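First up is the structure itself, then whatever we jot down about it.
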Amino acid sequence: MKKYIIFILVFAIIGLVVGYFIFGRIQGEYIALDTIFSSSENIVESLGRNIAGLESIKQNILISGGVGALLGLII
């Protein structure tokens, strides 16, 4: 059982890193992790994050981590 948890965690982390390298760019520049995963403090900032596409970037990175965790479970 411990082996399965380790595989899931390792592959989830690998999935998050790969997801960041694939989806974590805007106009060729990588976005800082704290910018992607921080929450909005007011409605104007939330609107700016939505226009910039940060919410979809965050979602894609998290989906990549989930796929990695699923792959770790299968392996």
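Quick notes
- In the chain, a dipole from Cβ-located charges (positive for Lys and Arg, negative for Asp and Glu) runs towards its positive end, and of L70, I22, N60 it is L70 whose Cα lies farthest in that direction.
- Given (1) 139; (2) 75; (3) 87, the label whose value is volume of the Cα convex hull per residue in Å³ derived from this model: (3)
- Value of relative contact order over the chain, rounded to a whole percent, pairs C-alpha under 8 Å and six or more apart: 62
- Sparse packing (at most 16 other Cβ atoms within 10 Å of the Cβ) combined with a DSSP loop state is found for the following GluC sites (Glu not before Pro) in the chain: E41.
- Magnitude of the charge dipole, the chain, Cβ model with Lys/Arg +1 and Asp/Glu -1, debye to 20: 420
- Label point distance in nm, I22-L47, each placed 7 Å from Cα along Cα→Cβ: 3.3
Laboratory data are not the source of any read-out in this text; all were calculated from the coordinates shown. This one's a predicted model, so the numbers in the text were calculated from it and none came from an experiment. Note: ideal-geometry Cβ built from the backbone for every residue, glycine included; neighbour counts use all protein chains shown.
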